[in-house]
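Okay, structure first, notes after.
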Amino acid sequence: LASLSPAGSLPCRPGVDALRPENIRGFLHHISQQAARHPVQSYALRDAHSAAAYLAAIDQVLAYRFRQWANLRDSLPVHAERNQTGFRAYFDVQTRHIRDIAQLVLRTHANIDAELLDRVQRAGAEDTAYRAENIRRSVARLLDDQEAAPLPVSMIAY
């Protein structure tokens, strides 16, 4: 999970880390260290079946982060009316983060030898890549053109 976060850190809003209990901060620090020492992605991509399982795990992270992002996006007009520019900067960081996770899903999918997967795994991998591509295109449009309307959550099917 740590490798899926911006700048290699676990997802956190500025100032939130200070509000976390000491045991949670210690746990997150330990997870970050372990992720740096044990590269899960390179291990998972050695075999088509483990790569498909890794892809499914990344898809779960993408689905969760996308739902969070969609809630942020829906509240953006309220914050814009209040002239809260810090919220817009936070939203832009989260938008780039979603794009990066979607690109990771697509790169992982491209490295899987689909011929070695069974029919169900292959279909799952294809569906995951399709959703990730829709998300990537949607947020890329938003990053390129601030006035562009991203795809509604219902069209992404998460």
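The values are calculated or read from the model by the stated rules, or taken from the named source; none is laboratory data. This structure is a prediction, so every number in the text was calculated from the model and none was measured. Because the Cβ atoms are built from the backbone with ideal geometry, glycine has one as well, and the counts that use them run over all protein chains shown. The area values use the complete protein model at the heavy-atom level, side chains included, leaving out ligands, DNA and RNA. Shrake-Rupley method; radii C 1.70, N 1.55, O 1.52, S 1.80 Å.
Which whole-Hz ³J(HN,Hα) couplings does segment 119-126 yield from phi under the Karplus relation 6.51 cos²θ - 1.76 cosθ + 1.60, θ = phi - 60°, glycine and proline marked x?
4, 5, 5, 4, 5, x, 5, 5
Ignoring ligands and nucleic acids, what accessible area does ASP74 show with a 1.4 Å probe (Å², nearest 10)?
100
What is the local net charge at ALA132, summed over the other residues whose Cβ is closer than 14 Å to its Cβ (Lys, Arg +1; Asp, Glu -1)? Walk me through the numbers before you get to the answer.
Numbers: positive: ARG65, ARG99, ARG107, ARG131, ARG136, ARG137; negative: ASP59, ASP100, GLU126, ASP127, GLU133.
The answer is +1.
What order do PHE87, PHE27, PHE66 take when sorted by accessible area (1.4 Å probe), most exposed first? Write down the numbers at each step before the final one.
Numbers: PHE87 35, PHE27 115, PHE66 0 Å².
Putting PHE87, PHE27, PHE66 in descending order of accessible area: PHE27, PHE87, PHE66.
Give me the percent of the accessible area of segment 22-143 that comes from carbon and sulfur atoms, probe 1.4 Å, all protein chains in place.
54
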